[in-house]
Structures are given as C-alpha cells and as structure tokens.
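Every number here is computed from the coordinates shown, using simple stated rules; none is lab data. Everything quoted here is computed from the prediction, not taken from an experiment. Note that each Cβ is placed from the backbone with ideal geometry, even for glycine, and that neighbours are counted across all protein chains shown.
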C-alpha cells in the first residue's frame with residue numbers, strides 16, 4: 001500500500017506544474033526551480049526530468065524547441081536547459097520594469113525618503129546597474145531619477161521643491177525631506193498653499209531646530 005500511495009502522490013505533484021510559454025511576463029528561472037524542486041522531492045530520473053520539461057513547454061517556448069533545437073540537444077537535459085535559459089531567462093522583463101517605474105507615485109503615508117529609495121532602486125534595475133561603468137548610462141539614470149522623483153511627490157511638497165529649484169536628485173530629496181518635516185510641524189500644512197517666503201521661513205525654523213538638537 002505505501003508504494004501505491006507514493007505513486008499517486010507523485011502523479012499529482014507532476015500534474016501541478018504549470019506550462020511555460022515563453023511570454024514576457026513569465027519567468028523561466030522560476031519555472032525551472034519548481035521543476036527541479038519536484039524532481040528532488042520525488043527522486044525523478046534525468047529522463048523523467050527531461051520528458052517533464054518538454055511536455056510542459058507551450059507557445060513560443062514549444063516553437064523554439066521544435067524549430068531551433070536539434071534532436072540531439074533536445075535529448076540532453078543540461079544542454080536543453082541552457083538553451084532555454086539563454087532564450088527566455090530574465091530576472092524581470094524590460095517591459096515590466098518600465099511599466100512599474102512609470103507608475104511610481106508617493107503613496108499615502110509614504111515618506112519622502114522611502115519614495116526616493118523606491119525610485120532609485122527601480123531606476124537602477126530599469127537601466128541595469130551592470131552598465132554602471134558607462135558614464136552615459138549613469139548620467140541618464142540620474143536624470144531619470146531626478147525627473148521621476150519630482151513628478152512622483154505629493155502635490156504640496158512637489159510645488160515647494162520646484163520653487164526652490166533643485167539641480168540634482170540628491171538635492172531634490174534633501175529639499176523635499178525638509179519641506180515634509182516643515183509641513184508636518186505646522187498647522188498651515190492643511191491648506192497646502194505656501195508662498196516662497198513662507199517656505200523659506202518654515203525651512204529656516206526646521207534648520208535652527210536641527211542645529212539646537214545637535215548642540
């Protein structure tokens with residue numbers, strides 16, 4: 001009886017593996033991890049891993065298998081996985097990263113510092129930090145972070161930061177943080193309307209308070 005139950009369990013687990021089609025939103029590495037986990041758990045042979053892999057390809061992935069991979073390569077698990085990885089493996093697709101980057105806005109309750117960190121990480125992934133030695137890529141990344149940060153700020157803080165006219169991402173973050181603290185420390189923040197002179201007064205008060213705390 002125990003062997004029979006084990007066999008039924010194995011069939012059920014193998015059937016639970018979803019097919020990989022090679023579409024942009026899919027992740028081949030994740031699919032492969034699931035397959036390898038099942039193979040280890042149920043002690044599959046290499047032949048069964050190979051067969052299961054091929055049976056769970058569809059769409060673009062299946063077309064790639066039939067059109068571009070030789071029979072010899074199809075019958076070698078490691079070689080087949082290598083070819084599929086080269087074709088379909090991606091940490092996150094470029095289109096998805098771009099879409100996520102474009103949708104970033106300051107959420108209710110999110111601090112300026114957290115927003116800046118979110119934008120910085122997203123920009124670095126979007127432009128691939130592997131190109132960090134390329135000065136043009138670095139410059140473009142900083143410009144994207146700067147412009148995206150300004151448009152993503154909540155309206156009241158964005159207005160005041162634009163009045164102050166920062167020239168870089170780091171400068172904009174500092175000014176936005178100061179404005180955020182100043183707004184949170186005064187009842188006038190509820191109106192969301194400040195003149196440049198009022199902003200300077202609020203920031204000056206914050207600066208003086210910070211100096212006293214340090215001393």
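Quick notes
- Modelled FRET efficiency - R0 30 Å, residue 167 with residue 96, Cβ distances, 0.05 increments: 0.45
- Cβ-based exposure ranking for 125, 154, in which fewest neighbours within 10 Å come first: 125, 154
- Oblate is the label for the range 17-83, because a/c, from the alpha-carbon gyration tensor with a ≥ b ≥ c as root eigenvalues, is 1.5 or above and a/b does not exceed b/c.
- Ordered by the count of other Cβ atoms within 10 Å of each Cβ, fewest first, 18, 56 give 18, 56.
- Only Cα pairs under 8 Å and 6+ residues apart enter the sum, and on that basis the relative contact order of the range 13-88 stands at 38 percent.
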